[in-house]
Amino acid sequence: MLTDDPGTPGNKKWEINLALAFEHRPDGTSFNAPAIDLNYGVGDRIQLTLQGGPVVLKRSDHGAIGGLGGTEAALKWRFVDDDRAGVTMSMFPRVIFNISQSAARRGLADDGTRFQIPFQFVKSFPGFDLNLEWGPLVSTVGPAQWIYGILVGKDVTKTTQLMAELHGTSRTNFDDDVLTANVGIRQKLNEHCVFIGSLGHELRSPEARALIGYAGVQLLY
């Protein structure tokens, strides 16, 4: 899902997400093939994250091109963990940059270097969780923005969770915002493998609205 949560893998444990992700607009489709998300636990409340991977872009008037997309390095700190109240909170600062200098010029990644400092809040209720996220996003190219999200997750069986969210980005004056509705599923396959998938669509956007999708596995060790 687009909205992050305060969860961490646990001390010296790995959470590895490998998936096929896509974004389709009327003028073309891009694929992260695969989207790679590596998370490592340092203690019970710290997570180190590295994301990236190859991108394939097929524009409607050109052939397919490929290369390395944007890379993200992040650190999550869960600073509230109150089991009795069912409340957890975290901050997840990150930097997103391009290893390949031509990635932005070729349309495989956003231009410039971006910095995010979002905060996550989860409140557990009987049968479902409410997840909120909010924080600033600044870039070396373009105006500063807010990122925000609200997600509801419901356990329908012991191994299946369904999720729905609204996630957006907006300028600090709340102009030219992008708002996406997204639904997803987590299906536990065994102790070390979980299927994760989602499908969403932009409800508002200053450009042509995108259809997005994600399907892959989460490996836990």
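The values are calculated or read from the model by the stated rules, or taken from the named source; none is laboratory data. Note that the structure is a prediction, hence the values are computed from the model and not measured. A quick note on method: Cβ atoms are made from the backbone with ideal geometry, for glycine too, and the neighbour counts reach across all protein chains shown. Heads up: the accessible areas ignore ligands, DNA and RNA and are worked out on the full protein's heavy atoms, side chains in. Shrake-Rupley method; radii C 1.70, N 1.55, O 1.52, S 1.80 Å.
Quick notes on this structure:
- Selection within region 85-115: residues that are aromatic (Phe, Trp, Tyr) and over 18 Å from residue 11 (Cα atoms). The member of this set that is most open to solvent (accessible area, probe 1.4 Å) is 115.
- Scanning region 148-192 for residues that are touching a Pro at 6+ places or on another chain (Cβ under 8 Å) and under 19 Å from residue 19 (Cβ atoms) yields a total of 0.
- Only one of 189, 130 that is in contact with a Lys or Arg (Cβ under 7 Å, 6 or more places away or on another chain), assigned to a strand (DSSP E or B) and surrounded by fewer than 16 Cβ atoms within 10 Å (Cβ to Cβ): 130
- Candidate set from region 1-29 (those that are among the polar types (S, T, N, Q) and farther than 23 Å from residue 149 by Cα); member that is least open to solvent (accessible area, probe 1.4 Å): 29
- The residue pairs whose first member lies in region 97-126 and is under 18 Å from residue 75 (Cα atoms) and in contact (Cβ under 8 Å) with a residue 12 or more places away in the chain, whose second member is of a type in the set (S, T, N, Q) and open to solvent by 70 Å² or more (accessible area, probe 1.4 Å), and whose beta carbons are closer than 9 Å, counting only pairs six or more residues apart or on different chains, are 113/140; 114/140; 115/140.
- Among the residues of region 45-84, the one identified as out of contact with any strand residue (DSSP E or B) (no Cβ under 8 Å at 6 or more places or on another chain) and within 22 Å of residue 13 (Cα to Cα) is 83.
- If you check 37, 81, 44, 27 for being without any contact (Cβ under 8 Å) to a residue 24 or more places away in the chain and not aliphatic (A, V, I, L, M), only one passes: 37.
- Selected residue (only one of 216, 197, 153, 168 is in contact (Cβ under 8 Å) with a residue 40 or more places away in the chain and either assigned to a strand (DSSP E or B) or buried (at least 18 other Cβ atoms within 10 Å of the Cβ) (or both)): 216
- Within region 201-213, the set of residues being in a strand (DSSP E or B) and open to solvent by less than 30 Å² (accessible area, probe 1.4 Å) comprises 202, 213.
- Per the conditions (1) within 22 Å of residue 148 (Cβ to Cβ); (2) modelled with pLDDT of 95 or more; (3) loosely packed, with under 13 Cβ neighbours inside 10 Å, the sole criterion not satisfied by residue 173 is (2).
- Matching residues, region 66-84, being open to solvent by 40 Å² or more (accessible area, probe 1.4 Å) and either among the hydrophobic types (A, V, I, L, M, F, W, C) or within 17 Å of the chain's Cα centre (by Cα) (or both): 68, 75, 77, 79, 80
- Of all residues in region 43-60, those satisfying the criterion of being open to solvent by 70 Å² or more (accessible area, probe 1.4 Å) and either in a strand (DSSP E or B) or closer than 19 Å to residue 133 by Cα (or both) are 45, 48, 50, 58, 59.
- Residue 144 vs. criteria of a type in the set (A, V, I, L, M), surrounded by fewer than 16 Cβ atoms within 10 Å (Cβ to Cβ) and within 14 Å of the chain's Cα centre (by Cα): no
- Test for residue 63: is it over 14 Å from the mean Cα position of the chain (by Cα), at pLDDT below 90, of a type outside the set (Phe, Trp, Tyr) and open to solvent by less than 40 Å² (accessible area, probe 1.4 Å): no
- Every test in (1) modelled with pLDDT of 95 or more; (2) among the hydrophobic types (A, V, I, L, M, F, W, C); (3) open to solvent by less than 70 Å² (accessible area, probe 1.4 Å) is passed by residue 183 save one, and that test is (3).
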